[in-house]
Every structure is written in structure tokens, then in C-alpha cells.
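Novice: Quick one: the structure is below, and I'll ask about it shortly.
The values are calculated or read from the model by the stated rules, or taken from the named source; none is laboratory data. Because the structure is predicted, anything quoted here is derived from the model rather than measured. Using ideal geometry, Cβ is built from the backbone for each residue, glycine included, and neighbour counts are taken over all protein chains shown.
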Amino acid sequence: MNHFLDIHKTSPDDLRQIIDQAAQMKSARAGRPKGTPDDDQPLAGRMVALIFEKPSTRTRVSFDVGVRQMGGETMVLSGKDMQLGHGETIADTARVLSRYVDLIMIRTFDETVLTEMAEYSDVPVINGLTDRTHPCQIMADIQTYEEHRGPIKGKKVVWTGDGNNVCASFLHAAGQFGFDLTFTGPSQLDPEEEFIGLARKAGSTITIERDAAKAVAGADLVVADTWVSMHDSQSSKERRHNMLRPYQVNDALMAHAKPDALFMHCLPAHREEEVTSAVMDGPQSVIFDEAENRLHAQKAVMRWCLGV
Ligand code: CP
Ligand code: NVA
């Protein structure tokens, strides 16, 4: 079964097919009102459950709209309103949902919830973010980079700040799509060694550089994310901000990158914290294309999952 659990768990050929299909589907419906159905209706008659145990704007709306454009139907469920939040096991929940729906997308905290859901589900499961990874975001980011600048293979991506879940999926993508990644941030927030090792094993150059300006030198793409993720305790906020302040993406830092470098952020952003408004709203920023491409990339992911 084609679960979409993580980028390193999907083959490079399948990932490439998904990105190419996302680009084709995007151009096929360019300029149409968002509520217009796609010409083909690959999800006609299909029901998709979207489960959220954490807040979401982009993931929720882009999956919902994407399914409808492809002719399917959705059901948006909040984890806390389900029996899942009141002691029913994940395995039993997965077995039950598989009797009603054709596809499950889940955003959760602990990765084991996702993997157990996939293990016991009879229908494909998609990772809509866990504490550890966020693969759908990075599929949209690869699509976005390539529509602006061509193939990402061989390019230099610089991740600034916290080596978090989004950074982890970028590391997975480095290995699978063949780009290099430099992490710049405090040592306490380094990405997981295991993920660095996987990318290196796949042939990518992964560099850790504490000096943000040196890290960004020659970058093709600079990426930032929030300094406090949804799974981080609010009490860690001040400590994190103090550690991360030197890694803010601002005009001075972007000046070290290549002149045609792009800036990305998965959003939601905290303006003037991890990135300045000048960069977010500046000519190198493609943040709203990234947000739009969540829709197209995930439509292609769902088609791949269902084989339609
Ligand atoms: N980037 C992203 O996943 O946004 P949401 O949390 O709004 O879904
Ligand atoms: N790292 C962030 C990403 C949000 C889309 C978080 O997990 O909160």
C-alpha cells in the first residue's frame, strides 16, 4: 500500500513523478476559480478523512480543497472530539476508519501515532505533520523551487534556526532529490544525527555551520521556520529566542546568498523574529507560492497513494 509517511520512505522515482504531476495539474487549472472541478475527477466517489490533533490553516484548507477539486469528499475531524482522544487505541481507530473512508491524512504529535495508524489501516495514510517530520510541506517546497529556478539537484539549501520537523523533511529530501544542505543554528537545536546520516549516505553534502553569514554564503535557497514549534513548551520560548536571535533571516544575511537565491518559510511566520518583513515581502521570497503549492503537491500525493 502507498502510505505517504516520509520523504525518505518514498522512492526518488515516485517522488519525482509526484512533483511532475503536481506541476502539470497546477498548470492545467491555471486561472480557473478555486471551486471549479478539475477536468478529470480521479477522486470521484472517494471519501477522505482529515484528522487534526494540532492547529492548522494551510494543511487543512489545501487538503480539503484539493480533494474536492478532484471530485472526492472530505471529513475534517479533530482528534480531541474523537474517541481517539478518550482512550480508544490508534490500531482500533485505524481499523474502524478503514471501513468508512478511502484515505486518511493525520496531523499528530508523536510519530508513533502515524506509524501505528498506517500499520493497522487498510487504506493509505498521509503524514500531515508530526513532532518529527513534515513531508507534504517539503514536496510543495521542491515544486516551488523548481518552478522558479529549475532542477533542485546539486543546489545549496541553507536551513536557519531550529533543526525541527520541517528541517528533518528537508534533510530527507536532500538525500532523495540530490541537493546539499547546510544547517545553521545553535548546537542545542541541531537536527537529528540519524537524519543527517541518511542524507549523507544518499550522497548529499550536509554541513553544520554555527556562523549564519558563513553558512548562507553561496546559497541557492535560504529557509526559516518558527523558533517555537507547536510541540515545544511555551516555557522554552524565551530560552529559544535568546539562542536563535543570531539566526534571524534579514536583508544583511540574505546579502551573503547568491543574488538569485530564493527565501522560503512554511508559514505561519513570526514577523521580525525568525525573519524580517523586508525579507518575507521582498523580491526573493516565494512564501505564498509555497503555500499555494501545498494544494497541488498534495493532490499529486493523494493520487499516488490511491493509484489514480
Ligand atoms: N505550513 C503548514 O503546515 O501550515 P499549517 O500549520 O497552517 O497547516
Ligand atoms: N515547525 C512548525 C511547523 C508548522 C507548520 C511546527 O511544528 O509548529
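Novice: If you take the residues of segment 17-38 that are over 30 Å from Gly79 (Cβ atoms) and small (Gly, Ala, Ser), which of them is surrounded by the most Cβ atoms within 10 Å (Cβ to Cβ)?
Specialist: Ala23
Novice: Please find, within segment 39-71, the residue that is modelled with the lowest pLDDT out of those that are surrounded by fewer than 22 Cβ atoms within 10 Å (Cβ to Cβ) and within 12 Å of Val308 (Cβ to Cβ).
Specialist: Asp40
Novice: In the list Gly66, Gly45, which residue meets the criterion of being more than 16 Å from ligand 2 (Cβ to nearest atom), under 20 Å from Glu292 (Cα atoms) and not charged (D, E, K, R)? Give the steps one after another, and end with the answer.
Specialist: Values: Gly45 fails: under 20 Å from Glu292 (Cα atoms).
Just a single option satisfies the conditions, and that option is Gly66.
Novice: Here's another thing I want to ask about it. Quick one: in segment 284-308, which of the residues that are among the β-branched types (Val, Ile, Thr) and buried (at least 19 other Cβ atoms within 10 Å of the Cβ) is nearest to Pro37 (Cα to Cα)?
Specialist: Initial filter on segment 284-308 (among the β-branched types (Val, Ile, Thr)): 286-287, 301, 308.
Still in the running and buried (at least 19 other Cβ atoms within 10 Å of the Cβ): 286-287, 301.
Values: Val286: 26, Ile287: 25, Val301: 18 Å.
Among those that are among the β-branched types (Val, Ile, Thr) and buried (at least 19 other Cβ atoms within 10 Å of the Cβ), it is Val301.
Novice: Give segment 112-141 a look and list any residue that's under 23 Å from Arg58 (Cα atoms), in a loop (DSSP other than H, G, I, E, B) and more than 16 Å from ligand 1 (Cβ to nearest atom), or say none.
Specialist: Matches in segment 112-141: Pro124 only.
Novice: Would you check if Phe195 is under 26 Å from Gly150 (Cα atoms) and within 16 Å of ligand 2 (Cβ to nearest atom)? Write out each step before concluding.
Specialist: Values: under 26 Å from Gly150 (Cα atoms): yes; within 16 Å of ligand 2 (Cβ to nearest atom): yes.
In short, yes.
Novice: Also, I was wondering about something else. Any chance you could count how many residues in segment 152-171 are within 15 Å of ligand 2 (Cβ to nearest atom) and either assigned to a helix (DSSP H, G or I) or of a type in the set (A, V, I, L, M, F, W, C) (or both)?
Specialist: So the count comes out to 8.
Novice: Condition first: surrounded by 24 or more Cβ atoms within 10 Å (Cβ to Cβ) and not β-branched (Val, Ile, Thr). Now tell me which residues in segment 126-144 satisfy that.
Specialist: Asn127, Gly128, Leu129, His134, Pro135, Cys136, Gln137, Met139, Ala140, Asp141, Gln143
Novice: Checking Thr226 against (1) in contact with a strand residue (DSSP E or B) (Cβ under 6 Å, 6 or more places away or on another chain); (2) within 16 Å of ligand 2 (Cβ to nearest atom), which test does it fail?
Specialist: Failed condition: (1).
Novice: As an exercise: evaluate Met117 against (1) over 30 Å from Phe195 (Cα atoms); (2) touching a strand residue (DSSP E or B) at 6+ places or on another chain (Cβ under 7 Å) and give the number of the one condition it does not meet.
Specialist: For Met117, the failing item is (1).
Novice: Select from segment 169-198 the residues that are closer than 18 Å to Ala215 by Cα and among the aliphatic types (A, V, I, L, M) and list them in ascending order.
Specialist: At the first step, the residues of segment 169-198 found to be closer than 18 Å to Ala215 by Cα are 170-171, 174, 179-191, 196.
The answer is Leu171, Ala174, Leu181, Leu189, Ile196.
Novice: Something else now. Quick check on this structure: which one of Asn165, Asn242 is buried (at least 16 other Cβ atoms within 10 Å of the Cβ) and modelled with pLDDT of 95 or more? Lay out the reasoning, then the answer.
Specialist: On the way: Asn242 fails: buried (at least 16 other Cβ atoms within 10 Å of the Cβ).
Matching residue, one of Asn165, Asn242: Asn165.
Novice: For segment 183-215, what are the residues that are touching a helix residue (DSSP H, G or I) at 6+ places or on another chain (Cβ under 6 Å) and hydrophobic (A, V, I, L, M, F, W, C)?
Specialist: Kept after step one, since they are touching a helix residue (DSSP H, G or I) at 6+ places or on another chain (Cβ under 6 Å), are these residues of segment 183-215: 184-186, 191, 195, 198-199, 202, 204, 206, 209, 212.
Selection gives Phe195, Leu198, Ala199, Ala202, Ile206, Ala212.
Novice: Moving on to the next point. Looking only at segment 81-92, decide whether some residue is modelled with pLDDT under 95, surrounded by fewer than 14 Cβ atoms within 10 Å (Cβ to Cβ) and touching a strand residue (DSSP E or B) at 6+ places or on another chain (Cβ under 9 Å).
Specialist: Yes, segment 81-92 has at least one match.
Novice: Please work out which residue is farthest from Leu129 (Cα to Cα), limiting yourself to segment 53-105 and to residues that are of a type in the set (Gly, Ala, Ser) and within 16 Å of ligand 1 (Cβ to nearest atom).
Specialist: In the first step, residues of segment 53-105 are kept if they are of a type in the set (Gly, Ala, Ser); the result is 56, 62, 66, 71-72, 78-79, 85, 87, 91, 94, 98.
Those still in the list that are within 16 Å of ligand 1 (Cβ to nearest atom) too: 56, 62, 66, 78-79.
Numbers: Ser56: 10, Ser62: 14, Gly66: 17, Ser78: 14, Gly79: 14 Å.
Within segment 53-105, the match that is farthest from Leu129 (Cα to Cα) is Gly66.
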